[in-house]
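I have placed the structure first, in the form of structure tokens, so that the comments after it can refer back to it.
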Amino acid sequence: MPCEPDGTRVFELPDDPAATERLGAEVGARLQPGDTIALQGGLGAGKTTFTRGLARGLGLDDPEGVASPTYLLVIEHGGPIPLLHADAYLPEKLAGFLADGGLEYLFDPAKVVVVEWPENVRKHLPDHVLWVELSMPPRPGRTVRLRPQGPRGFPWLADLPRIDEPH
């Protein structure tokens, strides 16, 4: 499946959370230290499921331990490339964290960062970001749009396999 002219790749997934997790794992297996994922989608769109897949693809120590960080703000998961999972749903709380020096911690170049509700902290995001938008179309299933931003892009997007069959 080719990318759109701007490098965006769109996946129409079946009504199966495992498919969302598989796509996350495919993305996670290709991420590098310093990559940032801006994860968009309404409540229940599959953001945590996608992130659990990313954790699996990154080879993290406990991918099943990935949970929504809404009230914890940032959760760090250990592994060969550590994952920082942040939630900006409560933007005032995250703004305080960033003002207290959290920006250097959050965007550590040795880690992969996932930010849920990134539109609330857009001005703090680095230039190199993979925007991932999860939505629930009128039909059963889920649409996932992967849009690269930044000078380096994410050239491997074109090589991601189709994920359209439940396992």
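The values are calculated or read from the model by the stated rules, or taken from the named source; none is laboratory data. Not measured: the values here are computed from a predicted model. Neighbour counts are summed over all protein chains in view; Cβ atoms, including those assigned to glycine, are modelled from backbone coordinates with ideal geometry.
Is it fair to say PRO69 is at pLDDT 90 or above, out of contact with any helix residue (DSSP H, G or I) (no Cβ under 7 Å at 6 or more places or on another chain), surrounded by 14 or more Cβ atoms within 10 Å (Cβ to Cβ) and more than 25 Å from ARG9 (Cβ to Cβ)?
Against the criterion (at pLDDT 90 or above, out of contact with any helix residue (DSSP H, G or I) (no Cβ under 7 Å at 6 or more places or on another chain), surrounded by 14 or more Cβ atoms within 10 Å (Cβ to Cβ) and more than 25 Å from ARG9 (Cβ to Cβ)), PRO69 does not qualify.
Could you say whether any residue in the stretch 51-59 is among the basic types (Lys, Arg), closer than 16 Å to LEU160 by Cβ and either without any contact (Cβ under 8 Å) to a residue 40 or more places away in the chain or surrounded by fewer than 18 Cβ atoms within 10 Å (Cβ to Cβ) (or both)? Let's see the steps before the verdict.
Filtering the stretch 51-59 for residues among the basic types (Lys, Arg) gives 52, 56.
If we keep only those that are closer than 16 Å to LEU160 by Cβ as well, we get 56.
Still in the list and also either without any contact (Cβ under 8 Å) to a residue 40 or more places away in the chain or surrounded by fewer than 18 Cβ atoms within 10 Å (Cβ to Cβ) (or both): 56.
Looking through the stretch 51-59, at least one residue is among the basic types (Lys, Arg), closer than 16 Å to LEU160 by Cβ and either without any contact (Cβ under 8 Å) to a residue 40 or more places away in the chain or surrounded by fewer than 18 Cβ atoms within 10 Å (Cβ to Cβ) (or both).
Name the single residue that is modelled with the lowest pLDDT among those in the stretch 108-117 being buried (at least 18 other Cβ atoms within 10 Å of the Cβ) and not charged (D, E, K, R).
Restricting to residues being buried (at least 18 other Cβ atoms within 10 Å of the Cβ) and not charged (D, E, K, R), the top hit is TRP117.
Just checking, does the stretch 119-141 include any residue being in contact with a strand residue (DSSP E or B) (Cβ under 6 Å, 6 or more places away or on another chain), within 22 Å of VAL66 (Cα to Cα), modelled with pLDDT under 90 and not in a loop (DSSP other than H, G, I, E, B)?
no
Restricting the stretch 20-43 to residues that are outside any helix (DSSP H, G or I), more than 12 Å from the chain's Cα centre (by Cα) and touching a residue at least 60 places away in the same chain (Cβ under 8 Å), which is nearest to GLU116 (Cα to Cα)?
Among those residues, the one meeting the criterion is GLY42.
How many of the residues making up the stretch 72-97 are under 13 Å from PRO118 (Cβ atoms) and either modelled with pLDDT under 75 or assigned to a loop (DSSP other than H, G, I, E, B) (or both)?
Residues in the stretch 72-97 being under 13 Å from PRO118 (Cβ atoms) and either modelled with pLDDT under 75 or assigned to a loop (DSSP other than H, G, I, E, B) (or both): 4 in total.
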